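This report refers to the structure that appears directly beneath it.
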Amino acid sequence: MERQKSMEKGLLRKSLSIRERKFPNEDVFLEAGLSRKSPREIIKKAQNDDGDCRVTASVFLSTFVAVAGSFCTGCGAGFSSGAQAGITKDLSLSVAEYSMFGSILTLGGLIGAIFSGKVADVLGRKRTMLFCEAFCITGWLAVAFAQDALWLDCGRLLLGIGVGLFSYVIPVYIAEIAPKHVRGSFVFANQLMQNCGIALFFIIGNFLPWRLLATVGMIMSRCYNLLIQKMTRYNLNRSIFNIMFCMFPGFVPCVLHVFCLFFIPESPRWLAKKGRDKECRSALQRLRGSDVDISREANIIRDTIEISELDGETGMTELFQRRYAYPLVIGVGLMFLQQLSGSSGMTYYASSLFQKGGFPSAVGTSVIATIMVPKAMLGTIIVDKLGRRTLLMASCAAMGFSALLLSVSYGFQSFGILPDLTPIFTCIGVLGHIVSFAMGMGGLPWIIMAEIFPMNVKVSAGTLVTVTNWLFGWVVTYTFNFMLQWNASGMFFIFSMVSASSIVFIYFLVPETKGRSLEEIQALLSNSVQ
């Protein structure tokens, strides 16, 4: 009996030594004696592996720190709505110039998106988030001190580049660290933090001048006035304090974000892809808890990466192959439909929509801000209960109805019919569209994008999907004001038809990924193509 056991150990050791020569960097994964697995075997293994279902403090903290970067995205989106009247008046901007200012955030996002996948792959998820902050800080300062349209555009372009990088790396990082049963909720927190930023700027934009809106909150502005009085009394240099206070809203949150990033682990899947297996195991242990056996999950990650790397790293030209067609259609299609629904234009120019419909813009934006965050919180809770498909279709249906209501409202206005109903319809339509977008279509495409692509194509495919989002976002935000002046009713009718088409697209093509590990999802998509 003992002789048989020793022979088995010898055979196992021999097989492991062969494997080690083939894959020299995976020493920590050899202890389980893995063999190469097919996608079907990985699915079966992942389905049988429930793992430890606890959400540890490390996962929660890492997610919270990551989505703090999304707050900057929300602030940038909400700023253009609340600041439109003030900037246009103070700097004498035309409609075309302000449309450029409002939309150049998405143009910067497009530039950031082009490099997002490669930067995140080379630097890692954590260091990419640190890299984003340099653009965000510089951008906010340029807007705060702008004296003409050029400085405004340059600052917002830099902010957009940082936001474009954030839009890719944050959902990918969270998807790679979160347990599968809460992954949807945790990635959806990205959308929740964006809504918090939008809501904050919608509210304070009703009370603060646009420069102050770009630099300080209401409480800080009062402190600023007190300090100015003290400086006048003691003949202190005002410029130092001006710079300090102008840096507050962009600089301080960014610095806190940078500081906190040093306390969270790198993505285990990225570390495994880079062959840093000991660090991968250490990060996974930290995320799952010190008392949890992470060998099985680590082995599944390693097996999946090995299979995806059989063909090597896939570039943009090799991406358009039959094996990647299905996930690529899903990712690109969702981003395309998300932006053509008019979501970015509705958020960026909400004040203009209320004013055109005869509804007080201060009241309208305040109501939106009040409801947006609770609705996004509700979406965060139910995304892993209802599933991605159900929530996506419900969100698109509500957006389509809201856009149709706006089309009818502005149509009545153009013909002078039922003038008393136009403000009410406008309020309900704008409110319904923005809230329903925040509840589903705003965050779920990013969740699905982070789930469906294997590691060897995540750089090229993720970049293409993110570029699609920002490219069509720029087209919509730049043309929105022109289309609003041309034919508001026709524009919103087109948006409603896009939302209706989105329901059909989701029903027939988008799979349900709720409750599945990333490896299981990618293996399933691979099998469906085969």
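The values are calculated or read from the model by the stated rules, or taken from the named source; none is laboratory data. Owing to the predicted nature of the structure, the values given are computational and were not obtained by experimental measurement. Quick reminder, even Gly has a Cβ in these numbers, built from the backbone with ideal geometry, and neighbours come from all protein chains shown. In case anyone asks, the SASA skips ligands and DNA or RNA and just uses the protein heavy atoms, side chains included. Shrake-Rupley method; radii C 1.70, N 1.55, O 1.52, S 1.80 Å.
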For the range 251-308 versus the range 333-398, the gap between their alpha-carbon centres in whole angstrom: 33
Anisotropy class of the range 100-186 from Cα gyration tensor, a/c 1.5 cut: prolate
Tail fraction, Cα-Cα pairs, the range 266-307, threshold 16 Å, whole percent: 24
Burial order of peptide ranges 438-446, 367-375 (average beta-carbon count within 10 Å, highest first): 438-446, 367-375
Convex hull volume per residue in cubic angstrom - Cα atoms of the range 418-530: 126
12 Å cut-off, amide nitrogen to a point 7 angstrom out along THR56 Cα→Cβ, residues in the range 117-151: none
Net charge contributed by nearby residues that have their C-beta within less than 12 Å of LEU386 (K/R +1, D/E -1): +2
Accessible-area value, SER341, 1.4 Å probe, nucleic acids and ligands omitted, Å²: 0
Taking only Cα atoms of the range 352-453, radius of gyration then Dmax in Å: 15.5, 51
Unsatisfied cross-links (Cα-Cα over 32 Å) in the set LYS356/LYS514; LYS273/LYS514; LYS118/LYS180; LYS274/LYS514: LYS356/LYS514
Distance in nm between pseudo-label sites at ARG296 and CYS260 (7 Å out along the Cβ direction from Cα): 3.3
